[in-house]
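Since the structure comes first, as structure tokens, the remarks are kept for the end.
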Amino acid sequence: MILCNFKIAGSRLFFLKFEESIRYANKIKIAYALKKSRASLLYGMVLEKRERADDAENELRAFDAPYNYFMERLELARFLNHNEKKEAAMLVYQELIKEFESMSKQSLSTHLHIIKKAKEELAVQV
């Protein structure tokens, strides 16, 4: 069984089934705390597993903002690549790499593992 964890306002809701997770997330997704949160990312990934690619893409695209949400945007690139949107995936990878080039040393060291993954995955794309 796969466990989906949605954390909202300090309380945790655990769901054992994808469909149940989606049903509850739809009810609470209007909550501000869910937007651009780890729960929202997980919700998008659950939607992908349930073959609701368009809905999943909409959830994951919410994270596509420059100089923010690096790990979430890496997941977006992986999602796009997996769903045969290679050009869009390459664009996200390239944006991430370009942003890392202009980061401070402190930020770069914090997110170094993400840039390495982005570069590796982009190299496989080409």
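Values quoted throughout were computed directly from the atomic coordinates according to the rules given, and no laboratory measurement underlies them. As the structure is a computational prediction, the values presented were derived from the model and not from experiment. Cβ sites come from the backbone with ideal geometry, for glycine too, and all protein chains shown count toward neighbours.
Projecting label points 7 angstrom from Cα along Cα→Cβ for R38 and L112 puts them 2.3 nm apart.
Sorted from fewest to most neighbouring beta carbons within 10 Å, what does the list L112, L96 look like?
The order, fewest Cβ neighbours first, is L112, L96.
Here K36 is the anchor, and the aspartates and glutamates within straight C-alpha reach of less than 20 Å, apart from those fewer than 8 places off in the same chain, are E48, D54, D55, E57, E59, D64, E72, E75, E95, E99.
Can you put L80, L91, L41 in order, fewest other beta carbons within 10 Å first?
Taking fewest neighbouring Cβ atoms as first place, the list is L91, L41, L80.
In units of the rule-of-thumb radius 2.2 N^0.38 Å, the range 35-126 shows an alpha carbon radius of gyration of 1.05. When each of Y67, Y43 is scored by the number of other beta-carbon atoms lying within 10 Å, the sequence from fewest to most is Y67, Y43.
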